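Reading through the structure tokens given below for one structure.
The values are calculated or read from the model by the stated rules, or taken from the named source; none is laboratory data. Being a predicted model, the structure only gives us computed values, none of them experimental. Here Cβ is always computed from backbone atoms with ideal geometry, including for glycine, and neighbour counts include all displayed protein chains. Just the protein is used for accessible areas: all its heavy atoms, side chains included, with ligands, DNA and RNA removed. Shrake-Rupley method; radii C 1.70, N 1.55, O 1.52, S 1.80 Å.
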Amino acid sequence: MITQYYAAEFVNREHSIMTLPTHYLITPSPEDEAAFIEGVEKSLQAGTRLMQLKAKGYSEEAYASLAERVVVLARSYDCKVLLTGNAELVEKLGADGLHLDSKALKQCKQRPLSKRYLIAVSAHTLEGLQQGEAIGASFGVLSPVRYTKAHPDIEPIGWQGLKQIAAATTLPLYALGGVSSRDEAEAIAADAQGVAGNKGYWKD
């Protein structure tokens, strides 16, 4: 897959302009670390240029060790890597930013890193995205667009709902939840930046 770029731009940590790609890879949680690293590289080779390293169930030490390997690998492909949880780890490893899930976002009263870094926020509502705006987030991930087992109790937003929310926020948005790489065009038609997740993007 050749990475496409669309519309939204921001100043990255080297103070140059970066255009957001149309997909934001959220990695699956590793089961076998060697296979996971191989999957990361294959995904980078396929065109991923913006990635969240997700490793649910990992200890802080194990996550830091994995993140160090992923950041070094991604750098050789000019891919930006956002970590989860710890802003200090982002700075220590030279990663490109931090992804705040909806729970972390609710507890966040100010931007956890300087504007040299990317801050992504996950939200299920316009109000959540507005909180992201308030702390100076770089972009948002809105879910679920379609029904998903991850959030069975949350009513899907739908493409029309996504379009309405996109019009009400200044944040570039990625669609998540029940969507895949096949839905990029529909997401863009709904005024989103593109699609987030791993379906169709993760190569193993």
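Worth a mention:
- Restricting attention to the range 141-189, the residues that are closer than 15 Å to His23 by Cβ and not hydrophobic (A, V, I, L, M, F, W, C) total 10.
- Count of residues meeting criterion [surrounded by fewer than 16 Cβ atoms within 10 Å (Cβ to Cβ) and within 16 Å of the chain's Cα centre (by Cα)] in the range 103-112: 2
- Taken together, the residues in the range 87-96 that are touching a helix residue (DSSP H, G or I) at 6+ places or on another chain (Cβ under 7 Å) and either surrounded by fewer than 16 Cβ atoms within 10 Å (Cβ to Cβ) or among the polar types (S, T, N, Q) (or both) amount to 1.
- Only listed residue being open to solvent by less than 50 Å² (accessible area, probe 1.4 Å) and part of a strand (DSSP E or B), chosen from Leu73, Leu83, Leu66: Leu83
- A Cβ distance below 9 Å, combined with a sequence gap of six or more or placement on separate chains, defines the contacts here; from the range 190-204, residues that are assigned to a strand (DSSP E or B) reach residues that are open to solvent by 40 Å² or more (accessible area, probe 1.4 Å) and basic (Lys, Arg) in the pairs Val195/Arg182.
- Test for Ile119: is it open to solvent by less than 50 Å² (accessible area, probe 1.4 Å) and in contact with a helix residue (DSSP H, G or I) (Cβ under 9 Å, 6 or more places away or on another chain): yes
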